[in-house]
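In what follows, a single structure is set out as structure tokens and then discussed.
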Amino acid sequence: MTNIPSFRKDLVRFRGQTSSHQYNESMENIFYDIVQIFNILNEQEKMIEDSREIFKIESHFQNIRNLRLLNELEKLKEMYEEKINGKKEKKIFIPVSKMEKDMTVETEKRAEIDVYHGVLTLPIVGKETSKVYLYDEIYNEIVYSDKLDIKIDIDSKATYIEQNDPKNMCNGDNTKYWKAKCIYTSAQKEHIPNEVDATITIHLPENILTNRQANAIYIHPFPHNSLTIKKVEYRLEGGWRLIPGWKVNKETNEPEPIKECGNIKLVFPPMNIGEIRLTISQPTPIEENSNTVFYLGMQEVGVVLTDYQSDIGYFQVPIRLRKEGDNSQKIISKIIPHFKNEDTLSDNSETKSKIFQCSVYTVEPDETLAYTKDSFPILINRDRIVLKCQILMDKENQCSPALEWIKVIYEDR
């Protein structure tokens, strides 16, 4: 609470008459305090109601996704069991969440492992500089600009479209959301679309920017894992351009959408940006009180400049190759990295040897690490291994690689 009712007890040595002015002033103070209490309660009640709605919507979409993923998992298991018979080659996919910082190197050379967005980048100096708002380190608070301009265009002929303040998505506060609700009543039953599209255009505030240079955009959709991000574009002057690194279909030359999008971070070479535009879609409606409702929204959209403190980032990946009861030797034939911003990197080779390096160590019975050898294939006769890895700055375009996962290909000997 910022406004808390207060009470001041005056020292009275003897009881005397109270003037009407003192009485009226006392009543006004009491009334003011009561109004403040009710204002605070109303605000808190609204926050609680918003949180309940967000939780309800997120839970609903997550349940839908979980059921679909379980069904797909069963189908994949059947297909995998059919295909694996008679094949020696096996693959392990290791996401960023399973990677660790290499504590044997200096702090400033340890890779930045961003589990929240699922990417690993070069080490970062301090905080990323936002191009949407200012952060006051002295008072530890965010300063917003009145020049921040956000336009929302929802392509929908719904009976009702309800939405709150779009600036909720650009305030650095993950407890506040921009939410839009497209309601189709039963009278529109024959005209309900398969999806609802929207474009979000954010004009970066000029009065708080020392420069327009940025090298990353992060997006936190709402509801999580339900929206499709069709494309992200930018411009300084002139026409819109696709953000560097966004995947493009080689046959149609159209941007590849990210379906069921979770929190993502797009990393690209430093460039000047005046505006960004997101094209989003909600393909999954839900039924509410005999109405068909499409929910769209954003928890946060950020445009930042990241200062990398090293041209190299070290990390390691622990892996268990043999399950209990398996005594067979393994042969690792290849280790392949996959980068989120692969299409903007200068190294187009499969193993990305210019920006990714990896050494294989076995975990010995005394828990020490033993180096294997420089080249593949590598024979492994232990249950566990550790990959000691590095990512390197892409010197050609001064861009940090944004690692998503590593694939280890091996087979039984």
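The values are calculated or read from the model by the stated rules, or taken from the named source; none is laboratory data. Here the structure is a predicted model, which means the values were calculated and not measured. No Cβ is skipped: glycine too gets one built from the backbone with ideal geometry, and neighbour counts run over all protein chains shown. All accessible areas refer to the heavy atoms of the entire protein, side chains included, with ligands and DNA or RNA removed. Shrake-Rupley method; radii C 1.70, N 1.55, O 1.52, S 1.80 Å.
Some points to look at:
- Of the numbered criteria (1) buried (at least 20 other Cβ atoms within 10 Å of the Cβ); (2) assigned to a loop (DSSP other than H, G, I, E, B); (3) touching a strand residue (DSSP E or B) at 6+ places or on another chain (Cβ under 6 Å), the one LEU296 fails is (2).
- Answer residue from the range 300-322, given it is under 30 Å from ASP412 (Cα atoms) and in contact with a strand residue (DSSP E or B) (Cβ under 6 Å, 6 or more places away or on another chain) and is modelled with the lowest pLDDT among those: LEU321
- Subset of the range 360-375 (residues that are surrounded by fewer than 15 Cβ atoms within 10 Å (Cβ to Cβ) and either closer than 15 Å to GLN329 by Cα or touching a Ser or Thr at 6+ places or on another chain (Cβ under 6 Å) (or both)): GLU364, ALA370
- Index of the failed condition, PRO270 passing every other in (1) under 27 Å from ASN348 (Cα atoms); (2) within 24 Å of the chain's Cα centre (by Cα); (3) buried (at least 17 other Cβ atoms within 10 Å of the Cβ): (3)
- Test result for TYR184, in contact (Cβ under 8 Å) with a residue 60 or more places away in the chain, of a type in the set (Phe, Trp, Tyr) and closer than 30 Å to SER97 by Cα: no
- Given (1) free of Cβ contacts under 8 Å to residues at least 60 places away in the same chain; (2) open to solvent by less than 60 Å² (accessible area, probe 1.4 Å); (3) over 30 Å from CYS399 (Cα atoms), number of the condition ASP155 does not satisfy: (2)
- Number of residues in the range 249-267 that are more than 14 Å from ILE229 (Cβ to Cβ) and within 14 Å of the chain's Cα centre (by Cα) equals 1.
- Residue within the range 160-176 that is exposed (fewer than 15 other Cβ atoms within 10 Å of the Cβ) and at pLDDT 95 or above present: no
- Test: ASP311 is of a type in the set (Asp, Glu), in contact (Cβ under 8 Å) with a residue 12 or more places away in the chain and farther than 29 Å from ASP197 by Cβ: yes
- Every condition in (1) touching a Pro at 6+ places or on another chain (Cβ under 6 Å); (2) open to solvent by less than 50 Å² (accessible area, probe 1.4 Å) holds for ILE229 except the one numbered (1).
To keep it simple, each residue is scored yes or no on (1) closer than 30 Å to PRO244 by Cβ; (2) among the hydrophobic types (A, V, I, L, M, F, W, C); (3) crowded, with 21+ Cβ neighbours inside 10 Å; (4) in contact with a strand residue (DSSP E or B) (Cβ under 6 Å, 6 or more places away or on another chain).
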position: ARG382; (1), (2), (3), (4): no, no, no, yes
position: GLN390; (1), (2), (3), (4): yes, no, no, yes
position: LEU403; (1), (2), (3), (4): yes, yes, yes, yes
position: VAL408; (1), (2), (3), (4): yes, yes, yes, yes
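- For the range 208-230, the set of residues classified as assigned to a strand (DSSP E or B) and either small (Gly, Ala, Ser) or within 20 Å of ILE273 (Cβ to Cβ) (or both) consists of GLN213, ALA214, ASN215, ALA216, ILE217, TYR218, ILE219, HIS220, ILE229, LYS230, listed by residue number.
- Residues in the range 190-206 include at least one that is open to solvent by 90 Å² or more (accessible area, probe 1.4 Å) and over 30 Å from ASN291 (Cα atoms).
- Test for VAL105: is it within 30 Å of ILE335 (Cα to Cα) and open to solvent by less than 30 Å² (accessible area, probe 1.4 Å): yes
- Selected residue (criterion: nearest to THR306 (Cα to Cα)) from residues of the range 98-132 that are charged (D, E, K, R) and in a strand (DSSP E or B): GLU112
- Any chance GLY239 is touching a residue at least 60 places away in the same chain (Cβ under 8 Å) and either in a loop (DSSP other than H, G, I, E, B) or in contact with a Lys or Arg (Cβ under 6 Å, 6 or more places away or on another chain) (or both): no
- Residue check, THR279 in a strand (DSSP E or B), of a type in the set (Ser, Thr, Tyr) and at pLDDT below 95: no
- Extreme residue, farthest from the chain's Cα centre (by Cα), among residues of the range 313-330 that are surrounded by fewer than 16 Cβ atoms within 10 Å (Cβ to Cβ) and in a strand (DSSP E or B): ARG320
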